[in-house]
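A short write-up of the structure that comes next.
The values are calculated or read from the model by the stated rules, or taken from the named source; none is laboratory data. Keep in mind it's a predicted model, so treat the numbers as computed, not measured. Cβ atoms come from the backbone with ideal geometry, glycine included; neighbour counts cover every protein chain shown. We work out accessible area using only protein heavy atoms, side chains counted, and drop any ligands, DNA or RNA first. Shrake-Rupley method; radii C 1.70, N 1.55, O 1.52, S 1.80 Å.
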Amino acid sequence: MSSNGERVFIDLEERSYDIVVGEGLLNVVASFDGLPSANAALIVSNSTVAPLYASALRSALHSRYPMIFEVLLPDGEEYKNWETLQLIFDALLSNACDRKTVLFALGGGVIGDMTGFAAASYMRGVPFVQVPTTLLAQVDSSVGGKTAINHPQGKNMIGAFYQPRLVVCDLATLDSLPLRELSAGLAEVIKYGPIADTNFMDWLESSMEALLARERSALAHAVRRSCEIKAWVVSQDEKETGLRAILNFGHTFGHAIEAGMGYGVWLHGEGVAAGMVMAAELSLRLGLVDAAFVERLTALIARAGLPTKGPVLDVTDNAGRYLELMRIDKKSEGGEIRFVLIDGPGKAVVRAAPDALVREVIDACCV
Ligand code: NAD
Ligand code: GLY
């Protein structure tokens, strides 16, 4: 790997950009080459990540931006809401930031999603850059331009499609990530296998120990390959009119878990992990995959240190509660839930399923 990192290109015509993947990129001026010049930059981060990495980022940005401001948001999925978003606008306005100001999202997916949404709306749109510091953000949320905040009734319900100008994934930042968060990121890595690339699933099976041990070459491959697959999907369907929905494998059940448990109780990746098992089980019951594949996927998820069973959200009618929450999913049409299902290894389809069958799956997959 070159000292300037490797680049994955996401082809979106005039909204195209690079995803740079490498080690020690954060404090290197060249990592941020090609960005528009401006009088000011605003680093958006949180109280956990900023003490670790904000000064390194500042040192790379100093020569490019005469003024660098910083706003720190409270840390946690439960703060991914309107009140916290307002803190970004407050910082921009109180520092008289103009419409050329570049926003830098330094943190995990929560920071990335909120910074992107703020960038999409401040003065009707200012440039922003993703500097993801969790595995989950490096392999998924920083790429593709989905930005959002949560609503108490539904996950990521308010947001916009708005592409960053650049994504800089510094693998060295993953050294400080808690193990539970590393595992949560592995859920989004694993998802790419069943939906798009069985060779990648084979590789994950043989590399899980190396990934959990944070071996740099294994992490580099996982991040790069995940970004390649995501870039390929997003470049064909930026606004999710069809194909892009496959990236939500496991998310219909997973989002219900996150909202039903209260945001922040189950990590996003944990909900996706249990949700992938449920979606695979539903695929099996619809005759799309065989039991061996479901067992294989479940074993891989367990080896990543992730849950393979969902929580009980309601002791009187658990399946009913899941169904109620899943109807608010963005893929629902006319109140009908549409699931991302595995239609043979490496291929996903999006379709509805009878409520009775979904209830059976939930009953079998929750503890
Ligand atoms: P997160 O942003 O909450 O980060 C997890 C925790 O790790 C936080 O406490 C954070 O402060 C901390 N952290 C971050 N980097 C660290 C580091 N290098 N060292 C130590 N601690 C660090 O969670 P996440 O898993 O990164 O992201 C989840 C969010 O991403 C969810 O809100 C989800 O909806 C969203 N998401 C969005 C997309 C998308 O396409 N936009 C895709 C997947 C997920
Ligand atoms: N994380 C799903 C998507 O970006 O479409």
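Split the accessible area of the stretch 34-187 by element, probe 1.4 Å, and carbon with sulfur accounts for 55%. How far apart, in nm, are the 7 Å Cα→Cβ label points at Ser59 and Asp33? Roughly 2.0 nm, to one decimal. Computed in the context of the full set of protein chains, the accessible area of the stretch 216-261 at 1.4 Å probe radius has 49% of its extent on carbon or sulfur. Computed packing ranks the peptides 317-330, 97-110 as 97-110, 317-330, most packed first, by mean other Cβ atoms within 10 Å. Label sites at Glu215 and Ser235, each approximated as a point 7 angstrom past Cα along Cα to Cβ, lie 3.0 nm apart. Rolling a 1.4 Å probe over the heavy atoms of the protein chains gives the chain an accessible area of 38 Å² per residue.
Summary of the geometry: the stretch 187-228 and the stretch 52-101, compared by the centres of their Cα atoms, lie 32 Å apart. Inter-label distance, Leu93 to Arg180: 3.6 nm, where each label sits 7 Å from its Cα along the C-beta direction.
Packing-based ranking of 30-37, 248-255 yields 248-255, 30-37, ordered from highest to lowest mean Cβ neighbour count within 10 Å. Remark: relative contact order (the stretch 241-367) = 30 percent; criterion is Cα-Cα distance under 8 angstrom and separation of 6 or more residues.
Taking amide H as placed 1.01 Å from N in the peptide plane, Leu73 has its amide H under 5 Å from the amide H of Ser45, Asn46, Ser47, each at least 5 places away in sequence or on another chain. Computed 3J(HN,Hα) for the stretch 307-318, one whole-Hz value per residue from the Karplus formula 6.51 cos²θ - 1.76 cosθ + 1.60 where θ = phi - 60°, is x, 10, 10, x, x, 7, 8, 8, 6, 8, 9, 4, glycine and proline marked x.
Other residues whose C-beta falls under 15 angstrom from the C-beta of Phe104 contribute a net charge of 0, scoring Lys and Arg +1 and Asp and Glu -1. Across the chain, the mean sequence separation of Cα contacts (distance under 8 Å, 6 or more residues apart), normalised by length, yields a relative contact order of 15 percent. Trp232 exposes around 140 Å² of accessible area when a 1.4 Å probe is run over every protein chain in place. In summary, the lysines within cross-link reach of Lys230, defined as a Cα separation below 28 angstrom excluding same-chain residues under 8 places away, comprise Lys80, Lys146, Lys155, Lys191, Lys239, Lys309, Lys330, Lys331, Lys347.
Considering the zone a paramagnetic label at Leu52 would reach in this model (a point 7 Å from Cα along the Cα-to-Cβ line), which residues of the stretch 200-218 have amide N under 17 Å from it? Inside the label zone: 212-216.
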